[in-house]
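Let me give you the structure first, and then I'll get to my questions.
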Amino acid sequence: MLAKESTPAVAIILSSVIFGIFHLFSSGVTMLSFINLILSGLFFAGYAIVTKHIWGVCGMHFAWNVTLGNLYGFPVSGFADNGRTLLGMNLTGPAVFTGGAFGPEGGAVTTFVLLLGVIILAILWCRQQAYFNSMN
């Protein structure tokens, strides 16, 4: 809907920033966690565009939250009490890597993985566009 009123790029960036803003009031939020949430929005938007549906995005978001919170017992977007966990592991190491109180979503490892994912999706989208243009 946003893309109809503006451009696809503006729609993707705006929705990604809004996704990050929705998490700003979580416990332990940092500038890096905010950036990672925006990168997550970019990744999810790119995935939906490349695959042409949103179900994979829903599945990835659900799996991420359940795996971090309910399997490993890590904080998810600053929420540390996730009930019972299967493994109940603890984050150790510098907060810049682990995400600290915000959880792995706030760490530099996640930044690297998301940047890599966004780059891969951009390459896939460019190849997809080139293929469709060659068909016309």
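Filtering the stretch 1-45 down to residues that are small (Gly, Ala, Ser) and under 11 Å from the mean Cα position of the chain (by Cα), which residue is nearest to Gly99 (Cα to Cα)?
Taking the stretch 1-45 as the starting set, the residues that turn out to be small (Gly, Ala, Ser) are 3, 6, 9, 11, 15-16, 20, 26-28, 33, 40-41, 45.
Those still in the list that are under 11 Å from the mean Cα position of the chain (by Cα) too: 16, 20, 33, 40-41, 45.
Values: Ser16: 20, Gly20: 15, Ser33: 7, Ser40: 15, Gly41: 18, Ala45: 23 Å.
Ranking the candidates gives Ser33 first.
Condition test on Phe112, is it buried (at least 20 other Cβ atoms within 10 Å of the Cβ) and at pLDDT 95 or above?
Details: buried (at least 20 other Cβ atoms within 10 Å of the Cβ): no; at pLDDT 95 or above: yes.
No: the conditions fail for Phe112.
For the stretch 41-97, how many residues are modelled with pLDDT under 90, on the phi > 0 side of the Ramachandran plot and either exposed (fewer than 14 other Cβ atoms within 10 Å of the Cβ) or in contact with a Pro (Cβ under 9 Å, 6 or more places away or on another chain) (or both)?
3
OK, next. Touching a helix residue (DSSP H, G or I) at 6+ places or on another chain (Cβ under 8 Å) and in contact (Cβ under 8 Å) with a residue 60 or more places away in the chain: does that describe Ser77? Spell out the reasoning first.
Details: touching a helix residue (DSSP H, G or I) at 6+ places or on another chain (Cβ under 8 Å): yes; in contact (Cβ under 8 Å) with a residue 60 or more places away in the chain: no.
Judged against the criteria, Ser77 is not a match.
Going through the stretch 54-74 one residue at a time, which ones are under 19 Å from Leu39 (Cα atoms) and either of a type in the set (Val, Ile, Thr) or not in a helix (DSSP H, G or I) (or both)?
Answer for the stretch 54-74, where residues must be under 19 Å from Leu39 (Cα atoms) and either of a type in the set (Val, Ile, Thr) or not in a helix (DSSP H, G or I) (or both): Ile54, Val57.
What is the residue count in the stretch 1-13 for residues that are surrounded by 14 or more Cβ atoms within 10 Å (Cβ to Cβ) and at pLDDT 85 or above?
Total satisfying the criteria: 3.
State the number of residues belonging to the stretch 25-69 that are in contact (Cβ under 8 Å) with a residue 24 or more places away in the chain, among the polar types (S, T, N, Q) and over 11 Å from Leu114 (Cβ atoms).
Here the count works out to 4.
State whether one or more residues within the stretch 16-36 are modelled with pLDDT of 90 or more and closer than 17 Å to Trp125 by Cα.
Scanning the stretch 16-36, I find no residue that is modelled with pLDDT of 90 or more and closer than 17 Å to Trp125 by Cα, so the answer is no.
Which of the residues that make up the stretch 1-31 are over 19 Å from Cys58 (Cα atoms) and outside any helix (DSSP H, G or I)?
Ser6, Thr7, Leu24, Phe25, Ser26, Ser27, Gly28, Val29, Thr30, listed by residue number.
On to the next question. Just the residues that are closer than 23 Å to Ser40 by Cα and not aliphatic (A, V, I, L, M), please, taken from the stretch 77-91. Give the steps one after another, and end with the answer.
Going through the stretch 77-91, the residues closer than 23 Å to Ser40 by Cα turn out to be 77-82, 91.
Of everything in the stretch 77-91, those that are closer than 23 Å to Ser40 by Cα and not aliphatic (A, V, I, L, M) turn out to be Ser77, Gly78, Phe79, Asp81, Asn82.
While we're looking at this one, here's another question. Condition first: hydrophobic (A, V, I, L, M, F, W, C) and surrounded by fewer than 13 Cβ atoms within 10 Å (Cβ to Cβ). Now tell me which residues in the stretch 115-136 satisfy that. Steps first, answer last, please.
Here is the first cut: in the stretch 115-136, the residues hydrophobic (A, V, I, L, M, F, W, C) are 115-116, 118-126, 130, 132, 135.
Hits for the stretch 115-136 are Leu116, Ile119, Ile123, Cys126, Ala130, Phe132, Met135.
The values are calculated or read from the model by the stated rules, or taken from the named source; none is laboratory data. This is a predicted model, so every value here is computed, not measured. Quick reminder, even Gly has a Cβ in these numbers, built from the backbone with ideal geometry, and neighbours come from all protein chains shown.
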